[in-house]
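Below: the structure, in structure tokens.
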Amino acid sequence: MSRPVGSWDIELQWAINHLKGDSFKASLLKLTLSAVVYLLWEERNSRIFKGKRRDEGMLIKAIQSAIYYATYSWRGVANTYSNWELSLSFGLTDCIFKKPVLAAASVSATNQATLVAGAAITDAFAINQANPTVAAVNLGVLV
């Protein structure tokens, strides 16, 4: 989604008009708006009352972290291409998506172990996406 940024009133009206419902996209964008407003307000208060300031990069990282941790417990999101693409653009873990239901008779014990190991690897790399070395160490790949 790309559009020019407007005044606060224009942005608020856009949010009211476009962020209706409880779809994954609407929920994620409402969360993002909330995180941005809250953390900018927190930064403003820190500058005014404490004389402390963060640079833009630190503020962006704080917003990204707030969104990541707020969505980490989300489950049951429809596993569609658009939801997957949106989650990737936000750097979210894939554990939020509904897992496909496999018939127990068609999945051997070996395949079940492989599926579980694959999910663990995916989650470990998603959690440590900013630092692949940490992910590799956590998985025992590097010593």
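The set of residues from region 93-118 being at pLDDT 85 or above and part of a loop (DSSP other than H, G, I, E, B) comprises THR93, LYS98.
Taking TRP41 as the residue in question, decide whether it is open to solvent by less than 80 Å² (accessible area, probe 1.4 Å) and either aliphatic (A, V, I, L, M) or part of a helix (DSSP H, G or I) (or both). It is false that TRP41 is open to solvent by less than 80 Å² (accessible area, probe 1.4 Å) and either aliphatic (A, V, I, L, M) or part of a helix (DSSP H, G or I) (or both). Of the residues PHE24, PHE49, the single one that is of a type outside the set (Gly, Ala, Ser), open to solvent by less than 80 Å² (accessible area, probe 1.4 Å) and at negative phi is PHE24.
Annotation note: Cβ proximity below 6 Å between a residue of region 68-92 that is assigned to a loop (DSSP other than H, G, I, E, B) and a residue that is modelled with pLDDT under 90 and open to solvent by 80 Å² or more (accessible area, probe 1.4 Å) (sequence gap 6+ or interchain) occurs for GLY76/LYS98; ASN79/LYS98. Out of the residues in region 4-21 meeting the condition of being assigned to a loop (DSSP other than H, G, I, E, B) and under 23 Å from THR80 (Cβ atoms), tell me which one is most open to solvent (accessible area, probe 1.4 Å). Among those residues, the one meeting the criterion is LYS20.
The values are calculated or read from the model by the stated rules, or taken from the named source; none is laboratory data. Everything quoted here is computed from the prediction, not taken from an experiment. Note that each Cβ is placed from the backbone with ideal geometry, even for glycine, and that neighbours are counted across all protein chains shown. Side chains are part of the model used for accessible areas, which takes the heavy atoms of the whole protein and leaves out ligands, DNA and RNA. Shrake-Rupley method; radii C 1.70, N 1.55, O 1.52, S 1.80 Å.
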